[in-house]
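Data block below; observations after.
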Amino acid sequence: MQRFAQLIERMDATNSTNDKVQALTDYFAEAPENDKLWTIALLSHRRPRRSLRTTDLKNWAAEEAHVPFWLFDESYHIVGDLSEAIALIVPSDADNNSGTLTEHIELVIALKGMSETERRASVVEKWKHLDQTGRFIFNKLITGGFRIGVSQKLMVRALSKHTGVAEDQLAHQLMGNWDPQGIAFAELIHADSDGAARSRPYPFCLAYALDVPPMDLGDPQEWMAEHKWDGIRGQLIVREGELYVWSRGEELVTDKYPEYHALRTALPNGTVLDGEILPWGDGHPLSFNVLQTRIGRTTVSQRALKEAPVVFVAYDLLELDGKDLRELAISERRALLETVVEQAQQPVLRISPVVVFATWNDLVAERIRSREVRSEGIMLKRRDSNYRVGRKRGDWWKWKVDALTIDGVLLYAQRGHGRRADLFTDLTFAVWKGDELVPFTKAYSGLTDVEMKKVDAYVKQHTIEKFGPVRSVTPMHVFEIAFEGINKSPRHKSGVALRFPRIHRWRTDKTLRDANTLEDLQNLLHAHTQGAR
Amino acid sequence: MPLITFTHTGMYCAAADVYIDPWRPVDRCIITHAHSDHARTGMGHYLCHEHSVHLLRHRLGADISVEGIPYGEVRNINGVQFSLHPAGHVIGSAQVRVEHKGEVWTISGDYKTEDDGFTPPFEVVRCHTFITECTFGLPVYTWEPQRSIFDEINAWWRTNAAEGVATVISAYSLGKAQRIMANVDTSIGPILTHGAVEGCNTAIRASGIRLPETIQLTQATDPALIKGALVIAPGSAVDTPWANKLRPYSSGIASGWMRIRGWRRRSAVDRGFALSDHADWPALNATVKATGAVRVITTHGYTDQFSRWLNEQGIESHTEKTAFKGEEVPAASSEETSA
């Protein structure tokens, strides 16, 4: 654990990517094999399952620190991270971390099987014998949220330096299902055991957001366009008579989408499709909200199948007849894909239609239609590009439609978390309903630091009432709120819920009365949900 | 009427017609220390600790009417006794003790209780009512002993110097900057300062206080000298064009906020050192207890939380609104603002 704690500290103490990679490389060179495996697992989002309730952790920490629960909670709010709040608040004199990382993870896994009393005793014992960084890491292992400021990409780079195996190949090796407890390091890195290879997806090729006018991309003939569908990116694999569906988050979701089971036999063995898990009804895509009802569920009810049916909209073919096609140009892969989809003859498998355009202006016009066809915008792929690992600039671009906007009045404010814990940055906005202001959304992001400070000062000086952490303020300022979608929501006072709301700009040019009305919101709702359920 | 009231102008002692750390112009005031949220321009007359006189002139203008007194000296104003007592916050910082008809109030200003080896150490003043800051009034804020923090700073500086890289640390121009120069291992290399820091150094030396040798950084400074140096600058100067001359450098911040990993990481510097000139949670609690105060008024920081906690401990407490800022939060990196 000491070695891992030092790794975390070393990575925290630099902003240089090279230094972080070097720290990891050094760590790989020294760490015992099972610690290495767990480190790779943790840094590629494979963590032990959460083994106890966070409420328990909070209560134990508050009691150990002899502070009332409300004060623990206030502190947690300011720190913004539960693992760290506990590490800071629980007293300890320990100044090193004995035991290996693996031993600590094994303890975390074992907690699940313990009685309440044993659990508490084990956790508190660890808190007392680890230093602050050690406690922080241990808590992170328990709570299951392990983000420590180093991407999987950097970890793979360091592992490549350590092993001499090429990065792209390693990225592929680390995909899919593997268990740090059931695999040897050499096996993970080099050998290809049959079971793992059969289900293994390819690393997804990711697009950058288009940040220049499309005209700057050159000759339109060199580009292929499709709509960008608002579902879940997925890879659908049929190998050796088995079907595997992976989400972009490298989660195996085969059982969540029984609709696809017909494809197990309808597609030839050795086929890998890249596409979108998309809710679909009456011949068109449904709102993403519909799909959300299925995301968190492990078992699928008949009702969900009926109310939130999905199709797979394929846009790429990565493997055919067991052969890796990623080195082919997308134009060639697309031709093969069309044949595969056609021959499968399954309504649940659709192809993402190519948008034909002769000039960039044609494409501009098509993009404006995006909301009509329920897409998020346009995807642009260079015709001669191969399928690359991860996010690389230049070949794939996403060109999303401009967000919807509405002008709202600042009505409530709450202190933010972590960095913003001293500032009132969690803001609630309202629109007019006659002479009344009706709150319709919260938004946290989008202001500059300077604007944030101004809003904070305004809130502090114009507080009308305090409700716990929330303050109501004198209505005065108008902000333009941008969002990606709007849905009906009986749970909200305004009757609508926005998707990805954020503050687009502070409309200092507008007065209170210039803000939009509830009717304006309802008009947007009707314009964008026609036909959706 | 309470001995001290909180008006829209500042903390006011009506019996003596004197303000303490006012934020709007008044005729007569007592100043706890020379930081800009406590010592403002436009006052008719300033009374402060003798080591703050040059600092006030430096910051507010050479022509201000200011008088300095030593710690412990009692001033009688309209029958009210005022005296200053070490606050341990920055050089010249003082708690203001106010006594009238047997009732004692103490105004802490900003304070820390750990002896930093440079600033005269904090002294507890027994009182009935204690007006306290609580910038770090939450139990997550506990400071490591400064020795171990300076060990880290020295190790960092030493490594950078060995690699031929400058070490740039951002710290308050008054207080933190001098605390750092007085405690680092000056055998590692020279200490270079930003003009704002050197201005305070000059005012402090003029008060007869010794500081290690420092060299103000200018366009003419020899680049070879910068390489192994420790450069001390206010946060507003780090990562601006001013710092370009220093490249390549490793950057750090010394601030109590650096206790929290998230702040550390988001501050976009290489190193964050949790070094504060404010009392941490244990020190705030110990001080409140040691004053023997039956009533505690919190003025800035986590005021609501600290007052509630004190009330639950059986010490009557409430919050008053002031214009004090405590330790300012370091600027976030620009890439964070658009997120």
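Here, each number is a calculation from the coordinates, and none is a lab measurement. Owing to the predicted nature of the structure, the values given are computational and were not obtained by experimental measurement. Note that we place each Cβ from the backbone using ideal geometry, even for glycine, and neighbour counts take in every protein chain shown.
Report the far tail of the P(r) of region A:205-400, meaning the percent of Cα-Cα pairs longer than 25 Å. If you can, show how the numbers build up before the last one.
Details: 6865 of 19110 pairs.
I get 36 percent for the Cα pairs in region A:205-400 exceeding 25 Å.
If you place +1 on the Cβ of every Lys and Arg, -1 on the Cβ of every Asp and Glu, and leave all else neutral, what size is the dipole of chain B about its Cα centre, to the nearest 20 Debye?
On the way: 30 positive and 36 negative charges, 47 e Å.
The calculation lands at about 220 debye.
Beta bridges assigned by DSSP with both partners in the protein assembly as shown are antiparallel in approximately 65 percent of cases. Scanning chain B for trypsin sites (Lys or Arg not before Pro) that sit in a DSSP loop and have at most 13 other Cβ atoms within 10 Å, the longest stretch containing none of them is B:211-320.
Using the Cβ-Cβ distance between residue B:126 and residue A:520 with R0 set to 41 Å, the FRET efficiency from 1/(1 + (r/R0)^6) comes to roughly 0.05.
Between residue B:62 and residue B:147, the modelled label-to-label distance comes to 4.5 nm, taking each label 7 Å out from Cα in the direction of the beta carbon.
Considering every residue in A:75-83, what mean count of other chain Cβ atoms within 10 Å of its Cβ is obtained?
Values: counts 7, 2, 2, 8, 8, 4, 3, 0, 1.
Taking all residues of A:75-83 together, the mean is 4.
At q = 0.25 Å⁻¹ the log10 of I(q)/I(0) for region A:22-103 amounts to -1.13, computed by Debye summation with a single uniform scatterer per C-alpha, solvent ignored. Across region A:459-505, the mean sequence separation of Cα contacts (distance under 8 Å, 6 or more residues apart), normalised by length, yields a relative contact order of 30 percent. FRET efficiency for the pair residue A:499 and residue A:122, taken as 1/(1 + (r/R0)^6) with r the Cβ-Cβ distance and R0 = 41 Å, rounds to 0.45. Considering only B:199, B:102, B:235, the Gaussian network model of chain B with Cα springs below 10 Å gives its largest mean-square fluctuation to B:102.
Note down the relative contact order for chain A as a percent, whole number, built from C-alpha pairs under 8 angstrom at least six residues apart.
Details: 917 pairs, mean separation 63.3, N = 533.
The normalised contact order for chain A reaches 12 percent.
Considering only B:62, B:171, B:221, the residue lying farthest towards the positive end of the dipole of chain B is B:221, judged by Cα position with unit charges set on Cβ. Taking 0.36 nm per residue of separation and subtracting the Cα-Cα distance, full extension of the segment from residue A:508 to residue A:433 would add 24.8 nm. Sequentially through region B:129-146, phi angles give Karplus couplings (6.51, -1.76, 1.60; θ = phi - 60°) of 10, 10, 9, 10, 6, 8, 3, 10, x, 9, x, 6, 9, 10, 8, 6, x, 4 Hz, Gly and Pro residues having no value and appearing as x.
For the residues of B:139-151, the average number of beta carbons from a partner chain within 10 Å of their own beta carbon is 3.
Residues A:142, A:89, ranked from the fewest to the most other C-beta atoms within 10 Å, line up as A:89, A:142.
The lysine pair tally for region A:2-143, using Cα distances under 24 Å and a gap of 8 or more places or different chains, is 14.
Note down the magnitude of the dipole of region B:146-273 about its Cα centre, charges +1 on Lys and Arg C-beta and -1 on Asp and Glu C-beta and zero elsewhere, to the nearest 20 debye. If you can, show how the numbers build up before the last one.
Values: 15 positive and 9 negative charges, 93 e Å.
Roughly 440 debye for region B:146-273.
If one computes the Cα centroid of region B:35-102 and of region A:69-139, what distance in Å separates the two points? Taking the Cα centre of each part, region B:35-102 and region A:69-139 sit 47 Å apart. Per-residue 3J(HN,Hα) values for region B:177-191, derived from phi via the Karplus relation 6.51 cos²θ - 1.76 cosθ + 1.60 with θ = phi - 60°, read 4, 6, 4, 5, 5, 6, 10, 6, 7, 6, 6, 6, x, x, 9 Hz in sequence order (x marks Gly and Pro). Mean-square fluctuation check for chain B, GNM, Cα pairs under 10 Å: which of B:92, B:42, B:262 is largest? Result for chain B, Cα springs under 10 Å: B:262 fluctuates most.
Name the trypsin sites (Lys or Arg not before Pro) in region A:358-395 that are in a loop by DSSP and that have at most 10 other C-beta atoms within 10 Å, would you?
Values: sites: A:367, A:369, A:371, A:374, A:381, A:382, A:383, A:388, A:391, A:392, A:393; in loops: A:369, A:371, A:374, A:383, A:388, A:392, A:393.
In loop regions of region A:358-395 (DSSP not H, G, I, E or B), the sparsely surrounded trypsin sites (Lys or Arg not before Pro) are A:393.
Counts of other chain beta carbons within 10 angstrom of each beta carbon in peptide B:301-310 average 3. For residue A:392, a cut-off of 19 angstrom between C-alpha atoms picks up these lysines, skipping any fewer than 8 places away in its own chain: A:153, A:228, A:381, A:400.
Would you please report the Å³ per residue occupied by the convex hull of the alpha carbon atoms in region A:307-422? Walk me through the numbers on the way to the answer.
Values: hull volume 27.5 nm³, N = 116.
Dividing the Cα hull volume of region A:307-422 by its residue count gives 237 Å³.
Between A:67, A:141, A:99, whose Cα lies farthest towards the positive end of the dipole of region A:2-143 when Lys and Arg beta carbons carry +1 and Asp and Glu beta carbons carry -1, centred on the Cα centre? The one lying farthest along the dipole's positive direction is A:141. Summed over qualifying helices (DSSP H, 4 residues or more, each -39500 (n - 2.57)) and divided by its residue number, chain A shows a 222 nm mean residue ellipticity of -11000 deg cm²/dmol. Among A:464, B:31, B:169, a tally of other beta-carbon atoms within 10 Å of each Cβ gives an order, fewest to most, of A:464, B:169, B:31. Label sites at residue A:299 and residue B:205, each approximated as a point 7 angstrom past Cα along Cα to Cβ, lie 8.0 nm apart. Which distance in Å, rounded to a whole number, links the C-alpha centroids of region A:337-369 and region A:1-25? Cα centroid of region A:337-369 versus Cα centroid of region A:1-25: 45 Å apart.
At 0.36 nm per residue, minus the direct Cα-Cα distance, what do residue A:216 and residue A:393 gain on full extension? Give it in nm, one decimal, please. Write out the running numbers ahead of the final one.
Numbers: separation 177, 0.36 × 177 = 63.72 nm, distance 1.43 nm.
Difference between extended and current length: 62.3 nm.
Across chain B, the mean sequence separation of Cα contacts (distance under 8 Å, 6 or more residues apart), normalised by length, yields a relative contact order of 17 percent. Annotation for region B:220-252 versus region A:382-455: alpha-carbon center distance of 36 Å.
Placing +1 on the Cβ of every Lys and Arg and -1 on the Cβ of every Asp and Glu, with no other charges, gives chain A a dipole of roughly 1060 debye about its Cα centre.
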